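The values are calculated or read from the model by the stated rules, or taken from the named source; none is laboratory data. Values in this document were obtained by computation on a predicted structure and should not be read as measured data. A quick note on method: Cβ atoms are made from the backbone with ideal geometry, for glycine too, and the neighbour counts reach across all protein chains shown. Ligands, DNA and RNA are excluded from the accessible area calculation, which covers all protein heavy atoms including side chains. Shrake-Rupley method; radii C 1.70, N 1.55, O 1.52, S 1.80 Å.
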Amino acid sequence: MAVAFGGILTIYLGQGFDFAKEEPYYAVQMENGDLYFGKMTRFPKFGLEEVYIVQSVSDPTSPLGSSLRVTPLDQATIWKADKIELNDDKIISISKVGEGSQVMQAIKGQ
């Protein structure tokens, strides 16, 4: 049994599976308009960890007087929240954040 498991594991790992590969970030748009970015978790309940939100900040150089900034959720709220649980029924969309996107560059720059 152990030999068979070892053989299957060797084949699986030989196909380039990487245990150290970093999990992707996802954008989750909620029914109420909130937009979260984070790494998906499914246990014990669906949610995100290492969570970021988009915040409007004062910007005198912008013609609108403000600009958008990607901010860690724990810096944007009054409580320490690096993980949140989301209500599946209130999610409008979920999409993977591209490695070269402006959002990902902002997250990596934090």
Pair list, Cβ under 9 Å, 6 or more apart: region 27-47 residue over 15 Å from Ile107 (Cβ atoms), other residue among the hydroxyl-bearing types (Ser, Thr, Tyr): Gln29/Tyr36; Gln29/Ser93; Gln29/Ser95; Met30/Tyr36; Gly47/Thr41
Residue count, region 45-91 (criterion: in a strand (DSSP E or B) and open to solvent by 100 Å² or more (accessible area, probe 1.4 Å)): 4
Residues within region 84-99 that are more than 15 Å from Glu23 (Cα to Cα) and not hydrophobic (A, V, I, L, M, F, W, C), tallied: 6
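Which members of region 35-44 meet the condition of being touching a helix residue (DSSP H, G or I) at 6+ places or on another chain (Cβ under 9 Å) and either open to solvent by 50 Å² or more (accessible area, probe 1.4 Å) or within 15 Å of Asp88 (Cα to Cα) (or both)?
Taking region 35-44 and keeping what is touching a helix residue (DSSP H, G or I) at 6+ places or on another chain (Cβ under 9 Å), we get 36-38.
Within region 35-44, just Tyr36 meets the criteria.
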In region 51-91, residue farthest from Tyr26 (Cα to Cα) [restricted to those that are of a type in the set (Ser, Thr, Tyr) and over 15 Å from the mean Cα position of the chain (by Cα)]: Thr61
Residues that are under 17 Å from Pro24 (Cβ atoms), surrounded by 11 or more Cβ atoms within 10 Å (Cβ to Cβ), over 11 Å from the mean Cα position of the chain (by Cα) and of a type in the set (Ser, Thr, Tyr): does region 92-108 have at least one? yes
Test result for Gly38, of a type outside the set (A, V, I, L, M, F, W, C) and at pLDDT below 90: no
